[in-house]
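No lab work stands behind these numbers, since they all come straight from the coordinates. Source: prediction; values computed, not measured. Note that each Cβ is placed from the backbone with ideal geometry, even for glycine, and that neighbours are counted across all protein chains shown.
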Amino acid sequence: AAPFAILDAIYTAIRFNLTVDPTLNYPPLDAFWSVDNTSNTTEFDIDSGELGGSFYIDSLDSLFIVGEDSADTDEFDSHVVIHEWGHYLDDNFLRTESPAGTHALGDKLDPRLAFNEGWPTAFAAMALNDPEYCDTGTPGTFSGFGINTEGGAFGGQGYYDEVSVIRFLYDLWDTTNEGTDTGSIGLQAIYDAFVGPFTDSRALATLFSYAAVLRPTLDADGQALLDAQLGDEQVDASVLNIWGDNETNDGNPPSGLDVLPVYVDIVADGSTTNICSNSQFDFGRDGNKLSENRFLRISVPVTDEYDVTVATTTVTPVTPDPNDRDQSDPDIYIYSGKTLVASGISPAANIETFRTTTLTAGLIYAAAVEDWRFDDDEAPSGYPERICMDVTFAPTP
């Protein structure tokens, strides 16, 4: 029955999406399920079924669904299957710059990850017309979880919260009135913003960039509903734009630092800007929490190739490690809209240098800067929580 249940969930999602885009041509998708696919892993290995959980891999256009009955089975968890199918939709027709990786409800996430994980959950609840998102766990235990997409809450609310994204989108769609949710803009408006202006935005894919392009497409009642739902999630609609300018919700960071502004402005004229990556919300070396990936908004004065330097300025403690794991490893990803146009991801210690392709004068580029050591589970225990870096974009001579 399991393969048919998975196919039924995917078919349900496609039928639901056809109501707003009846001519969309879906590329082939493989879904791999087995009773040997397990959430219990000693080392991630697709061939042996050690998956750790269900997921979608964009390079393979494939879903992988766990099915070991003594651990976790997802084949009958239709919300989970449709959530993963949402990543397929995202990959083929929408956009994401999400860092991916381990996350849990209530985590304060990189805003790209929060949006990328939140919207497929909301979509699954819409497609099934069931706000109770359910992911069963190990039989005879309490390891499963569920969330009410209308009113569930885990921890703080904001643009960095997966659950805030879920509730925001579901409440825009559903017709059940509760609290400030007193209307519906319908699936068509939600979908059209996804495949149109959101996909073409110059900013990275976050709740800000989606809500800011959706709002102008709505009538006055729809805008009031959107504003109210953003307010419920601690996002100020009165200053809304794709960049999250003037945002004041910093998630209450332990250090009080490195969350805001959402984007740090930098001019590509050879000047240097110092920016800090902070792992204060990350307790598992995941590298995908709020304040770890810092965003840049880059103004390009002349059309040219640019020499980029990211140099660590924080002194790290020296250890006997011969592999430089006690040293910073700065990385940077540069985007023109949804397209990755340049990156510096070498393993060199404390510095990243490279030359971009041609960047166009007058365009605004977005970038994400990180210290990869925050992703490295072999980094020394005394590695600093906060790493600062000097970033320079210089026109080529």
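Across region 386-396, computed HN-Hα scalar couplings (Karplus, 6.51 cos²θ - 1.76 cosθ + 1.60, θ = phi - 60°) run 10, 10, 9, 9, 8, 10, 9, 10, 10, x, 6 Hz from first to last residue, x flagging Gly and Pro.
Applying a 4.7 Å Cβ-Cβ cutoff to the chain leaves CYS134 as cysteine residues with no disulfide-compatible partner.
Radius of gyration over Kirkwood radius for the chain, both on Cα atoms: the Rg/Rh ratio is 0.97. For the chain, the relative contact order comes to 13 percent (Cα pairs under 8 Å, sequence separation of at least 6).
Measuring between their Cα centroids, region 56-99 and region 339-397 lie 29 Å from each other.
Each stretch of four or more DSSP H residues adds -39500 (n - 2.57); spread over every residue of the chain, this sum gives -7500 deg cm²/dmol at 222 nm. Packing, taken as the mean count of other beta carbons within 10 Å per residue, orders the peptides 169-176, 222-229, 251-258 from highest to lowest as 169-176, 222-229, 251-258. Hydrophobic long helices, here whole DSSP H runs in the chain with Kyte-Doolittle means of at least 1.0 and Cα atoms spread over 15 Å or more along the helix axis, are found at 2-18. Going by neighbour counts of Cβ atoms within 10 Å, the residues CYS388, CYS134 line up, fewest first, as CYS134, CYS388. Relative contact order, whole percent, for region 2-239 stands at 16, derived from Cα pairs under 8 Å and 6 or more residues apart. Only Lys, Arg, Asp and Glu carry charge here, each on its Cβ (+1 for the first two, -1 for the last two); on that basis region 1-96 has a dipole of about 540 debye about its Cα centre. Here the relative contact order of region 203-339, from alpha carbon pairs under 8 Å that lie six or more residues apart, stands at 17 percent. Calculated FRET efficiency, VAL195 to LEU7, Cβ-Cβ distance, R0 = 41 Å: about 0.95 to the nearest 0.05. Within the listed set GLY101, GLY156, GLY118, the Gaussian network model of the chain (springs between alpha-carbon atoms below 10 Å) gives the highest mean-square fluctuation for GLY101. Stretched out fully, how many nm does the piece from PHE76 to THR248 gain, at 0.36 nm a residue minus the Cα gap? Length difference between fully extended and current span is 57.8 nm.
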